[in-house]
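Notes follow once the structure below has been shown.
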């Protein structure tokens with residue numbers, strides 16, 4: 001089974017979660033880990049394997065270990081399927097944070113990719129099924145889709161004594177799901193997850209819709225922002241001083257939230273500057289004016305970055321923001337204000 005070009009039958013967007021502020025209660029909710037990775041739909045059939053991110057990029061070539069595992073799974077099943085999941089970096093049996101994927105997202109050369117797959121492996125953590133054996137199952141409730149997902153993965157994605165049973169299970173994993181939200185949230189903190197996802201068990205899968213049937217409960221102050229410009233470097237610093245960050249409001253205007261110069265390596269500064277040099281424009285893309293401590297260069301607001309910070313200030317700025325990486329899997333126009341989820345309540 002080999003990777004193929006896009007097929008019109010595969011044109012489907014993932015379902016999106018809304019930001020939650022309370023742990024929902026009731027028998028119709030289940031809770032799953034929110035890992036810090038790359039969201040992807042895996043289309044697997046006789047024509048090949050595609051790993052499509054939310055902005056339509058196929059990452060099958062960048063993650064051959066996952067692609068091969070999906071192809072082998074399809075051969076064992078003898079059935080086509082489409083599953084939704086998160087591409088995550090793995091260290092041993094543990095899921096790592098997003099920064100560990102950075103070196104893999106932009107690779108082009110086959111030798112470089114093969115070496116990375118061996119030394120910096122990734123896995124697909126599957127959390128939903130979209131189609132199975134030629135049947136669209138998006139209209140079915142989560143409970144029935146979960147049964148299909150478990151049938152697809154079966155024992156292949158399970159582990160014994162914490163270790164994968166075979167090479168397929170090493171790169172394909174079934175996301176755990178529990179009815180106890182508070183218990184899952186404590187586990188998220190202990191294991192360093194980004195948070196948890198609450199899902200209504202009676203809800204269908206709604207492609208392309210941001211639904212309140214899925215709620216993101218984040219325990220980190222971390223989200224994506226759009227780069228609208230950068231400042232000049234000072235003294236011996238190379239490339240740039242800081243990124244000027246924002247998000248799009250309901251009026252599609254770019255709102256400034258602050259700047260970050262932390263989190264970069266020297267090489268990373270140079271690479272970021274090269275990307276931004278190709279996006280420069282004469283005027284600010286931000287809705288309102290603000291002061292910068294160094295001369296600013298404005299850029300087209302199309303580059304999305306992941307940022308960690310300590311809190312939102314009273315005037316809507318980021319406190320102590322740190323650059324984590326570029327998000328090629330996210331569209332700039334989809335980056336909006338997420339606000340606080342449940343961080344303060346957990347720290348209270």
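Anything in the stretch 221-243 that is free of Cβ contacts under 8 Å to residues at least 24 places away in the same chain and at positive phi? List them, or say none.
Passing the criteria: only 235.
Name the residue that is surrounded by the most Cβ atoms within 10 Å (Cβ to Cβ), counting only residues in the stretch 68-93 that are without any contact (Cβ under 8 Å) to a residue 12 or more places away in the chain and within 20 Å of residue 194 (Cβ to Cβ).
By that ranking, first place goes to 91.
Would you confirm, using the coordinates I've provided, whether residue 239 is outside the structural domain of residue 27 (by TED's automatic domain parsing) and at pLDDT below 95? Working first, answer last.
Values: outside the structural domain of residue 27 (by TED's automatic domain parsing): yes; at pLDDT below 95: yes.
Yes.
Do we have any residue at all in the stretch 216-230 that's farther than 30 Å from residue 285 by Cβ and modelled with pLDDT of 90 or more?
Yes; the residues of the stretch 216-230 include at least one that is farther than 30 Å from residue 285 by Cβ and modelled with pLDDT of 90 or more.
Could we say that residue 175 is at pLDDT below 95, crowded, with 18+ Cβ neighbours inside 10 Å and not assigned by TED's automatic domain parsing to the domain that holds residue 299 here? I'd like the intermediate steps shown before the answer.
Numbers: at pLDDT below 95: yes; crowded, with 18+ Cβ neighbours inside 10 Å: yes; not assigned by TED's automatic domain parsing to the domain that holds residue 299: yes.
In short, yes.
Would you call residue 323 within 24 Å of residue 188 (Cβ to Cβ), in the same structural domain as residue 235 (by TED's automatic domain parsing) and out of contact with any helix residue (DSSP H, G or I) (no Cβ under 7 Å at 6 or more places or on another chain)? Spell out the reasoning first.
On the way: within 24 Å of residue 188 (Cβ to Cβ): yes; in the same structural domain as residue 235 (by TED's automatic domain parsing): yes; out of contact with any helix residue (DSSP H, G or I) (no Cβ under 7 Å at 6 or more places or on another chain): yes.
Yes, satisfied.
Could you check how many residues of the stretch 262-302 are surrounded by 18 or more Cβ atoms within 10 Å (Cβ to Cβ), under 24 Å from residue 102 (Cα atoms) and in contact (Cβ under 8 Å) with a residue 60 or more places away in the chain?
Result for the stretch 262-302: 2.
Show me the strands (runs of 3 or more DSSP E) entirely contained within the stretch 4-67 in which 2 or more residues are on the phi > 0 side of the Ramachandran plot, at pLDDT below 95 and surrounded by 19 or more Cβ atoms within 10 Å (Cβ to Cβ).
Answer list for the stretch 4-67: none.
One residue is enough: does the stretch 219-226 have a residue meeting the conditions more than 26 Å from residue 187 (Cα to Cα), crowded, with 19+ Cβ neighbours inside 10 Å and either in the same structural domain as residue 319 (by TED's automatic domain parsing) or within 15 Å of the chain's Cα centre (by Cα) (or both)?
yes
Which condition number does residue 70 fail, the rest of (1) modelled with pLDDT of 95 or more; (2) assigned to a helix (DSSP H, G or I); (3) closer than 27 Å to residue 302 by Cα being met?
Among (1) modelled with pLDDT of 95 or more; (2) assigned to a helix (DSSP H, G or I); (3) closer than 27 Å to residue 302 by Cα, the lone unmet condition for residue 70 is (3).
Go through the stretch 245-337 and tell me which strands (runs of 3 or more DSSP E), entirely inside it, have 2 or more residues that are touching a strand residue (DSSP E or B) at 6+ places or on another chain (Cβ under 9 Å), farther than 29 Å from residue 107 by Cβ and modelled with pLDDT of 95 or more.
Here the list reads 254-260, 296-308.
The values are calculated or read from the model by the stated rules, or taken from the named source; none is laboratory data. This structure is a prediction, so every number in the text was calculated from the model and none was measured. No Cβ is skipped: glycine too gets one built from the backbone with ideal geometry, and neighbour counts run over all protein chains shown.
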